[in-house]
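Working notes for the structure below.
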Amino acid sequence: MLIGSYQLDNPLIVAPMAGVTDRPFRELCLRYGAGMAVSEMMTSNPDCWGTQKSKQRMVHEGESGIRSVQIAGADPVLMADAARFAVEQGAQVIDINMGCPAKKVNKRLAGSALLQYPQLIEEILTSVVGAVDVPVTLKTRTGWDTDNRNCVEIAQLAEQCGIQALALHGRTRACMYKGEAEYDFIKAVKQAISIPVIANGDIDSPEKARFVLDYTGADALMIGRPAQGRPWIFREIHHYLTTGEKLPEPPIEEIRQIMLGHVAELHRFYGEYLGLRIARKHVSWYLQTHDTAKAFRPTFNAIESAQQQLDALQGYFDNVA
Ligand SMILES: Cc1cc2nc3c(=O)[nH]c(=O)nc-3n(C[C@H](O)[C@H](O)[C@H](O)COP(=O)(O)O)c2cc1C
């Protein structure tokens, strides 16, 4: 799978998820088998770039893999400026967000709200593609709502504007995250354009990955929520796609090492105050399938010290190992 001149190690991509796919999580997914990871979205409004949150999202120097940075906004000039800025900060690929259904984003006419305005989409894509020398990709949904599924039209427009790969989440904006991802639309888009198509939505197992690739003919897969608390899903899927065999669940000792490393990295990256708070949701995801963790979770969430979080996790695994 090629994006512009960048060759991915494999066709498995970490979906951008604001508040989840920060640098520590992206690094972890890359280590456990992802071929590329897209950053959390960065707003095109420069007034927000000075905030601590934005600054942390914008640091890409030294990051592993191909650095794809997502930008969100609706003003073609601001989007071009944001793309240039992201490239200065180390982005090797610019991804445009036209898939996010969040009210906060859509209120400002960005994310998937843009699907209602193809003319504006054309202006944004042309402006961003013209602003940077790196490949520009687009992430979108099947349409605004079930009466307006215009993804084929938007995909063709994207190709004409010079977009180099298209990620498609098989739901409309109105569907939010309800129902099932509709792979027929991804298949139709794949047949309508010649740039690489990345299928996204509900790919939560090696078998599902095989099915979606075969059914849609997509060039790559993008995985979001199923990787939460399970960054090794990329390794599992990659193994299955290449050998036809399923890997066993990771041993509990490996899960201990992954979690401790992840939590320690969150403390380091965000500092103690924020790091331990962000660690709580990740730990909760990791342990959601552990029956033994029901009592542990509230205890863990009440901890206010980084070292105590690590000690508590060690204690948890000493008990279950
Ligand atoms: C918490 C969360 C945050 C997300 N943030 C973004 C985002 O910043 N940009 C974007 O394009 N999509 C975002 N998405 C959508 C995902 O990239 C993906 O398209 C969606 O979750 C469907 O894929 P999945 O079924 O593999 O999770 C977000 C999804 C979630 C659950």
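If you go through the range 96-104 one residue at a time, do you hit one that is within 16 Å of the ligand (Cβ to nearest atom), out of contact with any Leu (no Cβ under 6 Å at 6 or more places or on another chain) and modelled with pLDDT of 90 or more? Reasoning before the result, please.
Looking only at the range 96-104, we keep the residues that are within 16 Å of the ligand (Cβ to nearest atom), and these are 96-104.
Imposing the further condition that a residue be out of contact with any Leu (no Cβ under 6 Å at 6 or more places or on another chain) reduces the set to 97, 99-104.
From what's left, modelled with pLDDT of 90 or more: 97.
For the range 96-104, residues within 16 Å of the ligand (Cβ to nearest atom), out of contact with any Leu (no Cβ under 6 Å at 6 or more places or on another chain) and modelled with pLDDT of 90 or more: present.
(1) on the phi > 0 side of the Ramachandran plot; (2) in contact with a Cys (Cβ under 6 Å, 6 or more places away or on another chain): which one isn't true of residue 54, the others all being true?
For residue 54, the exception is condition (1).
Filter the range 184-201 down to residues that are within 14 Å of the ligand (Cβ to nearest atom) and of a type in the set (S, T, N, Q), then give me how many there are.
Number of matching residues: 1.
Can you confirm whether the range 131-141 contains a residue that is within 11 Å of the ligand (Cβ to nearest atom), assigned by TED's automatic domain parsing to the domain that holds residue 11, small (Gly, Ala, Ser) and surrounded by fewer than 23 Cβ atoms within 10 Å (Cβ to Cβ)?
no
Give just the number: which of (1) free of Cβ contacts under 8 Å to residues at least 12 places away in the same chain; (2) more than 16 Å from the ligand (Cβ to nearest atom) does residue 48 not satisfy?
Just one mismatch for residue 48, condition (2).
Out of the residues in the range 237-254 that are closer than 27 Å to residue 321 by Cβ and among the hydrophobic types (A, V, I, L, M, F, W, C), state the one that is farthest from the ligand (Cβ to nearest atom).
252
Report, ordered by the first and then the second residue, all pairs with beta carbons closer than 9 Å, sequence separation of six or more or different chains, a first member in the range 9-32 that is under 18 Å from residue 269 (Cα atoms) and part of a loop (DSSP other than H, G, I, E, B), and a second member that is within 15 Å of the ligand (Cβ to nearest atom) and of a type in the set (Asp, Glu).
Close Cβ pairs satisfying both conditions: 17/40; 18/40; 19/40; 20/40; 21/40; 22/40.
Test residue 37 against the criterion of being within 18 Å of residue 136 (Cβ to Cβ), out of contact with any strand residue (DSSP E or B) (no Cβ under 7 Å at 6 or more places or on another chain) and either at pLDDT 95 or above or assigned to a strand (DSSP E or B) (or both), and give yes or no.
Working: within 18 Å of residue 136 (Cβ to Cβ): yes; out of contact with any strand residue (DSSP E or B) (no Cβ under 7 Å at 6 or more places or on another chain): no; either at pLDDT 95 or above or assigned to a strand (DSSP E or B) (or both): yes.
In short, no.
Limited to the range 213-236, what total is found for residues that are within 12 Å of the ligand (Cβ to nearest atom) and over 24 Å from residue 4 (Cβ atoms)?
Matching residues across the range 213-236 total 6.
Take the conditions in a helix (DSSP H, G or I), surrounded by 18 or more Cβ atoms within 10 Å (Cβ to Cβ) and modelled with pLDDT under 95 and apply them to residue 86. Does it pass? I'd like the intermediate steps shown before the answer.
Details: in a helix (DSSP H, G or I): yes; surrounded by 18 or more Cβ atoms within 10 Å (Cβ to Cβ): yes; modelled with pLDDT under 95: yes.
Against the criterion (in a helix (DSSP H, G or I), surrounded by 18 or more Cβ atoms within 10 Å (Cβ to Cβ) and modelled with pLDDT under 95), residue 86 qualifies.
The values are calculated or read from the model by the stated rules, or taken from the named source; none is laboratory data. The model shown is predicted, which means the values in this text are computed figures rather than measured ones. Backbone-built Cβ (ideal geometry, glycine too); neighbour counts: all protein chains shown.
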